[in-house]
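Since the structure comes first, as structure tokens, the remarks are kept for the end.
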Amino acid sequence: MAPRGHSADDVALTALRILDEHGLPDLTMRRLAAALEVQPSALYWHFPNKQTLLAGLSDRIVGRMASGPSVDLVAEARGLREALLTYRDGAEVVSSTLAMGLGSTVAHDRLAAAVVADGFDDETARRVATTVLHYVLGFVWHEQQRLQYDSAGAREGAAGGLADDDFASGLELIAAGLRARGRV
């Protein structure tokens with residue numbers, strides 16, 4: 001029987017709220033259980049450990065990318081960036097989950113599909129998707145860190161944050177390299 005009527009969806013949505021309000025370091029199973037008014041052990045009914053909880057959150061964050069067929073590489077990368085920026089520490093959650101080999105491969109699959117749709121072979125698509133995925137995760141991770149430092153007043157007098165133009169320029173460099181390589 002599920003604890004106190006909470007579904008896995010309830011647990012994940014509450015965890016995302018805590019993530020957004022307090023950040024990843026303060027997303028603990030104890031805090032999550034308190035928010036749901038259950039014992040921490042009750043959470044393991046739905047998520048056997050914190051890593052699987054984070055994988056579930058990662059899947060939800062990445063799932064915010066546009067649905068439907070992959071459009072193009074730049075549009076997919078922008079969609080991923082927007083999805084990651086939806087939640088505080090979103091890039092860190094997704095990156096750590098991928099590093100542990102957990103969670104879905106939706107982001108990578110959509111990026112690779114966009115490259116294949118542009119006429120490139122599967123191996124090139126896999127490599128480009130990996131490169132773009134790492135670029136987006138790193139860029140957004142820095143964006144989110146700067147936002148947190150700025151909100152805490154830790155970067156007083158510092159130059160502005162990363163801009164959309166910076167992100168677009170990096171993507172264009174990757175896309176230009178791909179075009180220069182040529183199709184199969």
For this session: Go through the stretch 57-76 and count every residue that is part of a helix (DSSP H, G or I) and within 11 Å of the chain's Cα centre (by Cα).
Result: 6
For this session: Mind counting the residues in the stretch 103-151 that are free of Cβ contacts under 8 Å to residues at least 24 places away in the same chain, under 25 Å from residue 69 (Cβ atoms) and either open to solvent by less than 40 Å² (accessible area, probe 1.4 Å) or in a helix (DSSP H, G or I) (or both)?
Result: 11
For this session: Return yes when residue 88 is in a helix (DSSP H, G or I), open to solvent by 30 Å² or more (accessible area, probe 1.4 Å) and basic (Lys, Arg) and no when it is not.
Result: no
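To keep it simple, each residue is scored yes or no on (1) under 23 Å from residue 144 (Cβ atoms); (2) among the aromatic types (Phe, Trp, Tyr); (3) modelled with pLDDT of 95 or more.
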{"residue": "4", "(1), (2), (3)": "no, no, no"}
{"residue": "12", "(1), (2), (3)": "yes, no, yes"}
{"residue": "27", "(1), (2), (3)": "yes, no, yes"}
{"residue": "34", "(1), (2), (3)": "no, no, yes"}
{"residue": "40", "(1), (2), (3)": "no, no, no"}
{"residue": "58", "(1), (2), (3)": "yes, no, yes"}
{"residue": "64", "(1), (2), (3)": "yes, no, no"}
{"residue": "71", "(1), (2), (3)": "no, no, no"}
{"residue": "111", "(1), (2), (3)": "yes, no, yes"}
For this session: Read through the list (1) more than 17 Å from residue 170 (Cα to Cα); (2) at pLDDT 95 or above, then give the number of the only condition that residue 132 fails.
Result: (1)
Seminar exercise, completed: Note: among 13, 32, just one is out of contact with any helix residue (DSSP H, G or I) (no Cβ under 7 Å at 6 or more places or on another chain), part of a helix (DSSP H, G or I) and farther than 25 Å from residue 134 by Cα, namely 13
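Name the residues in the stretch 35-56 that are among the charged types (D, E, K, R) and part of a helix (DSSP H, G or I), would you?
50
So that you can scan it fast, the table gives a plain yes or no per residue for (1) loosely packed, with under 15 Cβ neighbours inside 10 Å; (2) closer than 18 Å to residue 107 by Cα; (3) in contact with a Gly (Cβ under 6 Å, 6 or more places away or on another chain); (4) not basic (Lys, Arg):
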position: 8; (1), (2), (3), (4): yes, no, no, yes
position: 16; (1), (2), (3), (4): no, no, no, yes
position: 47; (1), (2), (3), (4): no, no, no, yes
position: 56; (1), (2), (3), (4): no, yes, no, yes
position: 65; (1), (2), (3), (4): no, yes, yes, yes
position: 68; (1), (2), (3), (4): yes, yes, no, yes
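Filter the stretch 70-85 down to the residues that are of a type in the set (A, V, I, L, M) and farther than 10 Å from residue 136 by Cα, then identify the one that is least open to solvent (accessible area, probe 1.4 Å).
Step by step, filter the stretch 70-85, then rank; the result is 83.
The values are calculated or read from the model by the stated rules, or taken from the named source; none is laboratory data. What you are looking at is a predicted structure, and each value in this text was computed from that prediction instead of being measured. Cβ sites come from the backbone with ideal geometry, for glycine too, and all protein chains shown count toward neighbours. These accessible areas exclude ligands, DNA and RNA; they are computed on the full protein's heavy atoms, side chains included. Shrake-Rupley method; radii C 1.70, N 1.55, O 1.52, S 1.80 Å.
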